[in-house]
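Everything below concerns the one structure shown next.
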Amino acid sequence: MKHFTLKLFSLKSLSFKTGAVLIVLMMSVFCTKLWAQEPVWFGNKNASRILYINSALDLASFEPILNTFAALHPDVRIAYRDVNTLDLYFLTIEQQAVEQQSIDKKAHPIASLTISSAMDLHLKLVNDGYAQTYQSSFTDRLADNFKWRNQLFAFSLEPIVMLVNKQAFPGNLPEDRQSLLQTIRQNGDDITKRIGTYDIRQSGVGYLLASQDARQADATWGRLLEAFGSHDVQTYCCTHQIIDDVASGKLVLGYNLLGSYASQRARDDDRLKMILPKDYTLMLMRAALIPKNAPNPEDAGIFMDFLLSDTAQKMMQDQGLLFPIRPDLNNPNDPYVVDAPGPTGVIELDQQLLVGRDYAKQKRFIHNWEIALEISKGE
Amino acid sequence: MWQKSLNINEEEEKKALKKAPSLRFRFILTGTLVIGVIAALAVNLIFDYSQKLADLSYDRLLRSALLQMDENIGLIRNEVSIDIPWSAFATLAQADEDRVFYKVESLEKGFITGYQDLNSLPPKPPVLDQVQFYNQEYSGEMVRFAWVERHLTDPETAQTVRIVLGQTRLSREEMASAITQKAIQFVLFIALVAITLIIIGSHLVLRPLHRIEGALEERAMGDLTPIDINTPKETHHLKVAINHFMVRLQKNLEQLENYTADAAHQLRTPLASLRALAENARDDIFADKNSLGSQPSNSLPLSKGESKSSPEKQYQALDNIIKQCDGLSQTVTLLLNQAVVSHRLQTHRLESIDLLEPITASCREQALTALHQGVHLSLECDLKQTLILGDSFAIQQMMQNLIENAVRYSGVDIEHATEVIVQVSEFETFYRIKVIDYGGGIPDVEKGRVFERFYRGRYDIAGSGVGLAMVKDIIDHHGARIVILDTEPKGTTFQVDFAKYKYKEGLV
C-alpha cells in the first residue's frame with residue numbers, strides 16, 4: 001500500500017516525471033521478467049522443502065555459503081534469485097499483494113527470505129509491516145544496532161570504497177574525496193566519461209549511498225556531483241559492471257562501490273586498487289528479513305541463524321566473501337577486517353533511514369542529481 | 001464420675017471455642033481486606049499513572065520531531081516543500097523498536113509526502129499551531145500521533161499545512177510496564193509488611209487479655225481477691241470490671257453464708273421444740289399405759305394438766321405439735337421470701353413503680369389475718385400516684401413484715417390494742433409511710449437493736465428475729481430511711497421515707 005504513494009505520485013507530478021516514471025515502468029516490466037527467470041538451485045533435488053530466497057547479493061560472494069548450508073541441511077533445497085536492490089523492494093511488496101490476491105503461488109513462488117544491501121528499503125519494508133518477527137539464540141546474540149524490531153537482521157558490515165585502475169588513472173591515486181576532486185579538475189580530459197558510479201534511480205543501494213554522502217558532507221557531495229556532471233560520469237545499475245569497466249580500463253575510477261565485491265576483485269587483479277576514502281568511509285550493512293507472508297518461515301529462520309552462525313561468519317571472512325558482522329570472530333591480521341585510514345560512518349540501522357526514503361526528499365534528491373549529471377536534459 | 005463429666009465439659013468447651021468467632025481472625029481479616037482494597041486502588045492508579053508518564057516522556061520526543069519537521073517546511077515558488085531533517089528521526093529512533101508513520105499535506109494542494117492513506121484528522125477539533133496527541137490504529141498497530149497545522153504565507157500565496165507524525169507504542173508500553181512492575185513490587189511489599197504488622201499487632205493487643213485470662217485460670221478455688229497484674233490502659237477497665245464483679249460475688253457468697261446460717265438457726269430451735277413435743281406426747285402415752293401414778297418427767301408448760309385424762313393430753317400434745325409446725329412453716333416461708341427478696345435485690349434493677357401498689361396489696365393480704373388476732377388494720381392514704389424507684393416485691397415483703405410485727409406486738413400487753421394504722425403521706429422530696437401500733441412499745445435502749453439479725457425483743461412472742469433485719473436490708477437497698485418512734489399514748493411507730501422518683505438524685 002505504501003508503494004502506491006510512490007507510483008501514484010510519480011504519475012501525477014509531471015515536473016519530475018522522468019525519474020519517478022522510470023521506477024514505475026520498471027516495476028511493471030521487471031516483475032514479468034523476474035518470474036520468467038529461473039532461479040539458481042542449491043541442494044538436493046529431492047529435498048522435501050524448498051526455501052525461496054530473493055537477494056541482492058552477487059552469487060560470486062554467496063555461493064559457497066549457500067552450498068555449505070545445503071550440505072548441512074540436505075532436506076532443504078534453496079531457490080536463489082539475484083535481484084537488484086530497488087527491484088527487490090518492489091518485488092517484496094508485490095509478493096505481499098500476490099498473497100492477498102491469491103494468485104497461483106506455484107507459478108509465482110513467494111520468497112521466504114530477502115537479503116539486501118539497501119538497508120533503507122529493507123527497513124522501510126519492516127516499518128511498513130511487510131516483515132515478520134523472528135527470534136532465536138543467534139539473533140539474540142546479535143548486537144542491538146545490527147537488528148531492528150527482531151524483524152531485520154544485519155549479517156555483514158562492509159566499507160564503501162573507490163576502485164581505481166592503477167594504470168589508467170592519471171596522476172597520484174586519490175586518498176580521499178578532496179584529492180579525487182583535485183585529480184578530476186587537473187586531468188579533465190582523461191577523466192571525462194571515465195568515472196563510473198551507481199544510477200541512484202535504478203539502484204536502491206546507490207541511492208542510499210548517495211543520500212548518506214549528502215548527509216555526511218553536503219558541500220563535498222555537491223562539488224563531487226558537479227564535477228561528475230561536468231565530466232560525463234557513467235551511471236550503472238550494479239557494482240560488478242562498474243568493476244568490470246574499471247578492470248578493462250574503460251573507467252579509471254568507480255565511486256561508491258560495495259567493499260566486498262571490490263576487494264574480491266582487487267585481490268585477484270593487479271590492475272585494480274581499492275581505496276577507502278580517508279575523509280570518511282561509509283560502512284554499509286547487508287540485512288535479511290523474513291516477509292510477512294513467507295510460505296516457509298521455519299527454513300528461512302534456520303537460514304538466518306546460519307548466516308549469523310560462527311560457521312558462516314568465519315567463512316565470509318576466511319574465504320574473503322563478505323565482511324562479517326560479528327567482530328568478535330575477526331582475526332586482527334585478516335585482510336577482511338576493515339582498516340579504514342580515516343573515520344568510518346556506519347549507516348545506522350534505525351528509523352533515520354526512513355528520512356532518506358521520504359517521498360518529497362527522494363524526489364528532490366533524484367531531481368537535483370539528474371540536474372547535476374544533466375541526464376534529464378539528455379532524455 | 002466427676003472426672004468424666006469434667007472431660008465432657010472440656011470437650012464441649014473445645015467445640016464451643018471452635019464455633020466462636022475469633023477476634024484476632026476478624027481483626028486480621030478486616031485489616032487484610034482493607035489493605036487489599038488499598039493495594040488494588042494503588043495498583044490501579046499506578047497502571048494509569050505509568051501509562052501517562054510513559055506517554056508524557058515519549059510525547060516529548062514526538063513533539064520535538066514534529067517541530068523539527070515543521071521548521072523545515074517552506075514555500076518555494078508557491079509550492080510547499082519539506083525537507084525532513086535527519087535529526088527529527090534520530091529523535092524518534094530513541095524509541096528504538098517503534099515504527100514511524102507520518103504525513104504532510106496542504107489543505108489547498110493535497111498530499112505532500114509521507115503515508116498517503118494516513119488519516120490526518122485529529123479526534124479533537126483542530127486548533128492552528130497547537131500540537132495534539134492521540135492514539136489511533138494504523139498498519140495493524142496502535143500508534144501515538146502528534147498533529148499540528150499551520151499557515152504558510154508569502155506574498156503570493158497562503159496555504160495551510162498539516163503534519164501528522166506517529167510512532168508505535170512499543171517503547172511506551174515497555175516503559176509503562178517497567179514502572180508498573182517496580183511500583184507493584186513496592187506496593188506488594190508494603191502490603192505484606194502491613195499485614196505482618198497487623199498479625200503481630202493483633203498478638204500484642206490481645207496479649208493482656210490472655211494474661212488476665214491466665215491470671216484467672218491459675219487461681220485457687222474460692223479465691224476472689226482482686227486481680228493484681230499490670231495491664232495497659234485499654235484493658236484496665238476490664239480488669240476493674242472483673243474485680244468489681246468478684247467483689248459482688250464475694251458479697252453474694254457472704255450473704256449466702258449468712259443466710260444459710262440464719263436458716264439453720266431458724267430451723268434448729270423450732271425443730272428441737274417439735275422434737276420435744278413429740279417426745280412428750282410419746283412418753284405420755286407410755287406413762288398412761290403403764291401406770292397412772294407415774295410422773296411425767298418433762299418440764300414443758302403445756303404438760304401441766306396432770307388431772308387431764310389421757311385422750312385430752314394427747315389432743316393437747318398433738319395440737320401443740322401442729323401449732324409448732326405452723327410456726328415452722330411460717331418461718332420457712334419467711335426464709336424463702338427473704339431469699340427471694342435478697343436475690344431480687346441482687347439481680348433486679350430498681351425501676352419506677354407506684355409505691356401504693358405494694359402497700360395496698362400487703363394491707364389487703366394482712367387485713368384478715370390481723371382481724372383473726374383481733375386487730376383492725378387500716379390504710380390511710382389520699383394520694384393518687386406515688387412514683388418511686390424501687391422493687392415492688394421487696395417493698396411488699398417489707399410492708400408485710402412491718403404490719404405483721406405491728407399486729408403481733410399489739411397483743412403483747414394485757415390491755416389488748418385493737419388497731420394498726422398504715423399511713424402514707426407526701427412531702428416535698430419523699431413519701432412517708434407510717435406503720436402505727438398501740439401495743440407495748442419498744443424501750444429506747446432496744447430501738448437501736450431491733451434491726452439486728454436474730455434479735456428478739458420479747459421471747460414470749462412468736463417471731464423469727466429476721467423479719468426486721470430483712471426490712472432494714474430492703475430499706476438500705478432502696479436508699480430509704482427508717483425511724484422508730486413512739487406512738488402516743490403508747491405503742492410503736494415505724495416511719496419509712498422513700499425518695500420521690502424525680503427527686504431521687506437530690507436525696508441520694
request  = Give me a count of the residues in the stretch A:143-173 that are surrounded by 17 or more Cβ atoms within 10 Å (Cβ to Cβ) and closer than 30 Å to A:Phe303 by Cβ.
outcome  = 16
Failed condition for B:Tyr134, given (1) at positive phi; (2) touching a strand residue (DSSP E or B) at 6+ places or on another chain (Cβ under 8 Å) = (1)
query = Within the set of pairs 6+ apart or on separate chains, which have a first residue in the stretch A:160-176 that is within 21 Å of A:Ser211 (Cβ to Cβ) and at pLDDT below 95, a second that is surrounded by fewer than 22 Cβ atoms within 10 Å (Cβ to Cβ) and acidic (Asp, Glu), and C-beta atoms under 8 Å apart?
reply = A:Asp176/A:Asp279
key: The lone exception for B:Met246 - which of (1) out of contact with any helix residue (DSSP H, G or I) (no Cβ under 6 Å at 6 or more places or on another chain); (2) assigned by TED's automatic domain parsing to the domain that holds B:Thr91 it fails   = (2)
task = Would you mind stating whether A:Ser248 is modelled with pLDDT under 95, polar (S, T, N, Q) and crowded, with 24+ Cβ neighbours inside 10 Å?
result = no
remark   = Within the stretch B:52-87, the residues that are at the interface with another protein chain (Cβ under 7 Å from one of its Cβ atoms) and either among the aliphatic types (A, V, I, L, M) or in a helix (DSSP H, G or I) (or both) are B:Ile82, B:Ile84, B:Trp86
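Residue-wise test of (1) farther than 18 Å from B:Gln495 by Cβ; (2) modelled with pLDDT of 90 or more; (3) outside the structural domain of B:Lys502 (by TED's automatic domain parsing).
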site	(1), (2), (3)
B:Val375	yes, no, no
B:Ser378	no, no, no
B:Ala394	yes, no, no
B:Ile433	no, yes, no
request  = Determine which single condition B:Asn44 fails, assuming it passes every other condition in (1) at the interface with chain A (Cβ under 8 Å from one of its Cβ atoms); (2) loosely packed, with under 14 Cβ neighbours inside 10 Å.
outcome  = (1)
ask   = How many residues, within the stretch B:199-221, are under 26 Å from the mean Cα position of the chain (by Cα), hydrophobic (A, V, I, L, M, F, W, C) and surrounded by 12 or more Cβ atoms within 10 Å (Cβ to Cβ)?
value = 6
request  = Taking A:Glu99 as meeting all but one of (1) more than 30 Å from A:Leu272 (Cα to Cα); (2) of a type in the set (Asp, Glu); (3) at pLDDT 90 or above, write down the number of the exception.
outcome  = (3)
request  = Within the stretch A:54-61, identify whether any single residue is surrounded by fewer than 16 Cβ atoms within 10 Å (Cβ to Cβ), under 21 Å from the mean Cα position of the chain (by Cα) and either outside the structural domain of A:Leu208 (by TED's automatic domain parsing) or within 18 Å of A:Glu348 (Cβ to Cβ) (or both), and answer yes or no.
outcome  = yes
query = Only one residue in B:Leu368, B:Leu387 is farther than 26 Å from B:Gln330 by Cα, among the hydrophobic types (A, V, I, L, M, F, W, C) and surrounded by fewer than 21 Cβ atoms within 10 Å (Cβ to Cβ). Which one?
reply = B:Leu387
task = Test B:Val148 against the stated conditions and say whether it is more than 14 Å from chain A (Cβ to nearest Cβ) and surrounded by 20 or more Cβ atoms within 10 Å (Cβ to Cβ).
result = yes
Selection count where residues are more than 14 Å from every other protein chain (Cβ to nearest Cβ) and part of a loop (DSSP other than H, G, I, E, B), scope the stretch A:110-133 = 5
ask   = Which of the residues that make up the stretch B:80-111 are more than 23 Å from A:Asp218 (Cα to Cα) and surrounded by fewer than 22 Cβ atoms within 10 Å (Cβ to Cβ)?
value = B:Gln94, B:Asp96, B:Glu97, B:Glu105, B:Ser106, B:Leu107, B:Glu108, B:Lys109, B:Gly110, B:Phe111
request  = Mind listing whichever residues of the stretch B:88-131 are at the interface with chain A (Cβ under 7 Å from one of its Cβ atoms) and assigned to a loop (DSSP other than H, G, I, E, B)?
outcome  = B:Ala93, B:Asp96, B:Glu97, B:Arg99, B:Tyr115, B:Gln116, B:Asp117
task = Kindly indicate whether any position in the stretch B:132-140 is within 14 Å of chain A (Cβ to nearest Cβ), within 18 Å of B:Asp83 (Cα to Cα) and either polar (S, T, N, Q) or assigned to a strand (DSSP E or B) (or both).
result = no
ask   = Can you name the condition, by its number, that A:Ser137 falls short on among (1) touching a Pro at 6+ places or on another chain (Cβ under 8 Å); (2) of a type in the set (S, T, N, Q); (3) farther than 30 Å from A:Val246 by Cβ?
value = (1)
task = Counting only residues that are away from chain B (no Cβ under 14 Å) and under 30 Å from B:Arg99 (Cβ atoms), give me the strands (runs of 3 or more DSSP E) lying completely in the stretch A:135-250 with at least 3 of them.
result = A:152-165
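The values are calculated or read from the model by the stated rules, or taken from the named source; none is laboratory data. This structure is a prediction, so every number in the text was calculated from the model and none was measured. Note that each Cβ is placed from the backbone with ideal geometry, even for glycine, and that neighbours are counted across all protein chains shown.
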